[in-house]
1. For region A:36-211, what D do you get in µm² per second when you plug the Kirkwood radius from alpha-carbon pairs into Stokes-Einstein at 4 °C and 1.567 mPa s?
2. Any idea what Rg and Dmax come out to for region B:1-151 if you just take the C-alpha atoms, in Å?
3. For helix B:379-395, what angle does its Cα long axis make with the longest principal axis of chain B, in degrees from 0 to 90 and rounded to 10?
4. Which percent of Cα-Cα pairs in region B:197-322 sits in each 5 Å bin, short to long?
5. Restricting attention to the alpha-carbon atoms of region B:219-276, what are Rg (one decimal) and Dmax (integer), both in Å?
6. Ranked by Cβ crowding within 10 angstrom, fewest neighbours first, how are A:158, B:118 ordered?
7. Grab the beta carbon distance between residue B:249 and residue B:421, set R0 = 35 Å, and tell me the FRET efficiency rounded to 0.05.
8. How far apart, in nm, are the 7 Å Cα→Cβ label points at residue A:77 and residue B:56?
C-alpha cells in the first residue's frame, strides 16, 4: 500500500470508530443513566444481601445457639420435663434460623466446609452412641475432634427427639445407662455449635469486601454465586428432601425415614424456611425499606419483567403447595402422597426458572468450572 | 500450461521459511504454556479422573482415560513435545507426539469440547507434514536437520488456509436471525459486562450488541482475505489484535484469542518482518537454498483432499438441521464459535418394564457440574446418558428398562421450553443420531 492510501484507510477507520464511540457516549437515554443503574443495582444487591441478610442471620444464629447452650446448661443442672421442653424450643429456633442461613454456602464459607460442621444430615447415630458409651472425657474439644456426622444440629435432634414420648427422652438423660455422659455429650454439642456459629460470622466478616466487590459476571462473581447457591438449594429440596422420601431412589417405595429431621417432625418447616430464604434472596426484601435490591430489580433493568413475574408466581405456587399440607411430612407422605409430589413439582418449576431462564437472562455461568471457553 | 500445472507451480514455488518458523515457535510455546496451565488449574482431575462416566465422541468410544499417573504423563508429554516444537528440537518426533497426545486428550470427554482444541489438533497434524524445523531451530544448530532458507509455498499456505477456515465458517455461523436481527447472545453477554474498566459504560448501550454482532460477523468473513492481501495486511493484523484482545477481556475465553493472534503471524511475510525489525535496526537477510526441498506429488494430493474436507464438513449442519443452535446436530467441528447462550436442565425417569417400578435419576448423581450443564442441552449427550443409565440398571439386574427425560432448555434469552420428547423411551433408540428426531421444535 502506498503511503497516502494507507493513511486515508487508517484515518477512515479511526474516524469511524471514534464516531461510534462519540455517538454512543452522547446517547444519554440509554447509557449513563442505566449504566449507573445496573452497576448500582448489582453492587447494591450484593451489599443488601450481605448486610441485611447474611450478617443479620449469622448474628441471629449466634444468639440462638447461645440460648440453646444456656438452656442445655439449665437442663443439665435441673433435668426436668420443663427444661427439656425449653431446650427443644430453643433447638427449633436454631434450626429455623439455620435453614435460612444454609442457602449462603458460598465463597470462603463454602471452602471452609463449616456448613458440614454445623449441620450434616443425617447424623450417624451409631457413632454418637459409641461415643456416649465410651470412656473418653466428653467436652467441646472431644466433639471438635469428631467427624461432622456426629455433631451439629442433627446430632442434637437425635438426642432431644430420640422418642415421641418426652418422658422417655427425659429418662435417657436421667436413668438410662450412661445418662450423665449423654448430658455431657449434648452440652458439648451445644458448645461446639455455638463456637461454629461465631466462626461462621467471622468468616463472613472477613469475606465482606471480596463478596460485595465481586460484581463481575464470571464464575467468581457474587451474583453468579448467589444464583448457583439458589440452584443448589432448590435441587437439594427436590432430590434429597422430597425426592428420596417419595421413593425417587427406591423404585417408588415411600421412605419416611429419608425425611430430613423426621424425629422432630420439622421436615416441612425446613422446606418452608428454605423457601422463605430463597424468595428473600431473589427479591432482596430482607428488611422493610424502600429500596430492596434483588434479582427482580436486575431483571426489570434488562427488560425481563415477564421472567420476574413468572419467578414470583413460581415462589407463590411453592408456598400454596406447602400451605396445603397440614400434617407433618412423615404422615402426609403416607396419607396424601400427591400433595408431596405436587410440592416437589412446584419446586421443579422454580428450579427451571432459576437454573435455565434466569441464568440465561443474566448470562450467569451456572457451573463453577471454568473450562477455558471459546 | 493447464490450471493444475499453474496451481502446482504456485504451490511448490520457493518462499522464505521465516513465517513458517515463527508460526512453529508461536504455536509450540503457546501450547506448552496451555498444557502447563491445564495441569496447574487441576483440570486433569476435573476432566479425566474424577468423572464416573465420560461422554465419548461418536466412533471414538474406545478412547478412554488412563489412571492419574497415566494422564499426568500424557499431558506432560504433550507439554514437552510442544516445547520441542517451539524450539525446533527433534521436530518430527515432537509434532507426531504432540498431535497424538493432544488429540487423545481432546477425544476423551465431549463435554469439554472447544473449537480451539479441534483447531490445535488440525494444526498439529499439519505441522507433521512441513519442514518447519529446517531453520531457526535447535535441530539445525545440532545438525540433526539440514538448514533451509526457503520452503515450498504450500507449507506456509496450509496454515493460512486453516486459519481462514475458522474465520470464514465462524462468520457464516453468524449469518442467522438471532445474531444479526436480535443481536443475541451479545445483548445478554454485554449487559453482564458493564463493570469492565474503560469500555464497560459503552456495553450497556442498546446499540452496542448490534454493533458488536455485525462487526463480529464482518470481521470473521473479511479478515482472512484482508490478511491474504499484502496491501491490507498491516491494518488487518492490527484488527486481529484489537478484536481478540477485546474478546479476551469481554468473555471467559481462555487460550483462543492468543492462538488466533499468534497463529495469524503466519500471514506476515519475510519482507514485512524486516520492515518491523528495521525499527530496532535489525534485518534477517533473505537467502536461497543450498539444499533443495522436494515436494512429493502425493502430499499435494492428500492436502487437496484434506482441505476439501475442511471446506465441506462444517457445512453439514445446514443439511442436518434448520436450527443448529437448538438441535446441535452438526454443531461440533463446524466452527460455531461463541454464538449462543444456552442453558438447560434435565432429569431422567427409569421404568422397569417388568414391574412398572420407577426411579428418578438426577444427573448430578453421576456427572460433575460441567458434564451436567453441557449434557442438559445437547441431545446426543442426553442419549448417551440414557444409555449409561440403562447399563447401570442392567448391572443391578434390572434388564428391561425404559428411560425418559424431562429436559428443558433456553436459547439466547428465549423462555425455556421442553427440549426432547418426554414420551420417547431413549433406551429404545439404538443409535446416537436417532435422538435428533425427537428434539422438539423451537418456538
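Every read-out reported here was derived from the displayed coordinates using simple, explicitly stated rules and does not represent laboratory data. These figures come from a predicted structure and were not determined experimentally. Positions of Cβ are backbone-derived with ideal geometry, glycine not excepted, and every protein chain shown enters the neighbour counts.
1. 76
2. Calculated on Cα positions, Rg and Dmax stand at 17.9, 61 Å.
3. The angle comes out at about 60 degrees.
4. Calculated over all Cα pairs of region B:197-322, the distribution is 2, 8, 11, 13, 16, 17, 14, 9, 5, 3, 2, 1, 0 percent.
5. 11.8, 36
6. By the 10 Å Cβ count, ascending: B:118, A:158.
7. Calculated value: 0.25.
8. 6.9
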